[in-house]
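Comments concern the structure below.
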Amino acid sequence: MRHFHVGPRLSEYAIFNHVVYLAGQVPENPDGDIVAQTNNVLEQIDRLLAEAGSDKSRILMCQIFITDMANMAGMNQAWDAWVAPGCAPPRATVQAALANPDWLLEIVITAAQT
């Protein structure tokens, strides 16, 4: 197993048996609305998956934590525009309180390497 971008508390991702496990990704700029925050998180996911030798067409599972289900439509708008056509992964979306009250969502991804 290999860990990448290791900090004192967590790694941004780990790779084991050609599977990439991303840590929960949160907005770098929490000032935007749900669409902006979702787009920002999806950009981070794209970047990390590429670095790990994967991409969004190889996602095995996605977990989305959203602070308010009233934001589900906006989150889905950004998600639907981003997800690889024909490769929509298994996904769970739950309402949850997040560590920073300005974050509207957090996304956790598991993907296969290419």
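Just so it is clear, none of the values below were taken in a lab; they were calculated from the coordinates. Please read these numbers as outputs of a predicted model, since none were measured by experiment. All Cβ positions, even for glycine, are placed from backbone atoms using ideal geometry, and neighbour counts span all protein chains on display.
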Seminar exercise, completed: Output ordering of 26-32, 44-50 (per-residue mean of other Cβ within 10 Å, highest first) is 44-50, 26-32
Exercise. Tilt of helix 72-82 relative to the longest C-alpha principal axis of the chain, in degrees (0 to 90, nearest 10)?
Worked result: 40
Exercise. Would you list Val20, Val41, Val94, Val83 from fewest to most Cβ contacts within 10 Å?
Worked result: Val94, Val83, Val20, Val41
Exercise. From the residues Met69, Ala88, Asn29, which one has its Cα farthest along the dipole of the chain in the positive direction, the dipole being from +1 and -1 charges on Cβ of Lys/Arg and Asp/Glu about the Cα centre?
Worked result: Ala88
Exercise. Where does the chain land at 222 nm, in deg cm²/dmol rounded to the nearest 500, when only DSSP H runs of n ≥ 4 count, each adding -39500 (n - 2.57), divided by all residues?
Worked result: -8500 deg cm²/dmol
Problem set entry | Cα-centre dipole for the range 2-112 with unit charges at Cβ (Lys and Arg positive, Asp and Glu negative), debye to 20 | 480
Exercise. By DSSP, what percent of the beta bridges with both residues in the chain are antiparallel, rounded to the nearest 5?
Worked result: 80
Exercise. In nm, to one decimal, how far is the modelled label at Asn17 from the one at Ala88, with both set 7 Å along Cα→Cβ?
Worked result: 2.9
